[in-house]
Amino acid sequence: MSVAVVQEAATDRLLQLDADRRPVITPGRTGRITATIRPACLRLLTGTVQQPNRTGTRFDFLLDEASTERLRLDPNNGTRFRIAKDEKRYRLARPRRQGPSPLPRTRTEGSTGRARPRHHPRRRRGGGRPRGERHAGPGARA
């Protein structure tokens, strides 16, 4: 028996054991968001599981009416989840990847786009002399 066969069998067994421990999440099932999620305004909201993504690792979640109202009025929400006044149930959609912007870049040539400090952090502001050296003005000794 080769090492590759043993490794493949071990991997298959680990995946099987991992799948057995996972909760069964199916569309239409009701659920509650855990108390450890971020942002905090989503903690302990209830609703219904909706469709999964392609790999089945993330799902949309349709909040019930009470949780929708709670999220709408939560002061920690700010502007992240904008819920219309007449909306009864709000859908928390899985995050979408943002592609490149269709707008042209407006950087100048040679710019890296990073914010730079107003002065070099290791250089002292003012005078170019190192510490300890005196200005050799008129009448100074050599």
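We did not get these values from a lab; they are worked out from the coordinates using the rules stated. Keep in mind it's a predicted model, so treat the numbers as computed, not measured. Cβ sites come from the backbone with ideal geometry, for glycine too, and all protein chains shown count toward neighbours.
List of remarks:
- A DSSP coil position with no more than 15 other Cβ atoms inside 10 Å describes the following trypsin sites (Lys or Arg not before Pro) in region 22-63: ARG29, ARG43, ARG54, ARG58.
- Residues with amide H under 5 Å from that of ARG58, placed H, sequence gap 5 or more: ASN53
- In order through region 50-56: 3J(HN,Hα) via Karplus (6.51 cos²θ - 1.76 cosθ + 1.60), integer Hz, x for Gly, Pro: 10, 5, x, 7, 4, 8, x
- Seen from LYS88, the other residues with C-beta closer than 12 Å to its C-beta sum to a net charge of -1, counting Lys and Arg as +1 and Asp and Glu as -1.
- Environment charge at ASP12 (Cβ cut-off 15 Å; Lys +1, Arg +1, Asp -1, Glu -1): -2
- The residues neighbouring ALA66, those whose beta-carbon lies less than 15 Å from its own, together hold a net charge of +1 under the Lys/Arg +1, Asp/Glu -1 convention.
- Here each label is just a point 7 Å from Cα along the line to Cβ, and for SER2 and PHE81 those points are 5.2 nm apart.
- Cα gyration tensor shape of region 46-91, rounded if a/c is under 1.5, else prolate or oblate by comparing a/b with b/c: prolate
- Residues in region 15-56 reached by a label modelled at ASP74 [backbone nitrogen below 20 Å; 7 Å Cα→Cβ]: 30-51
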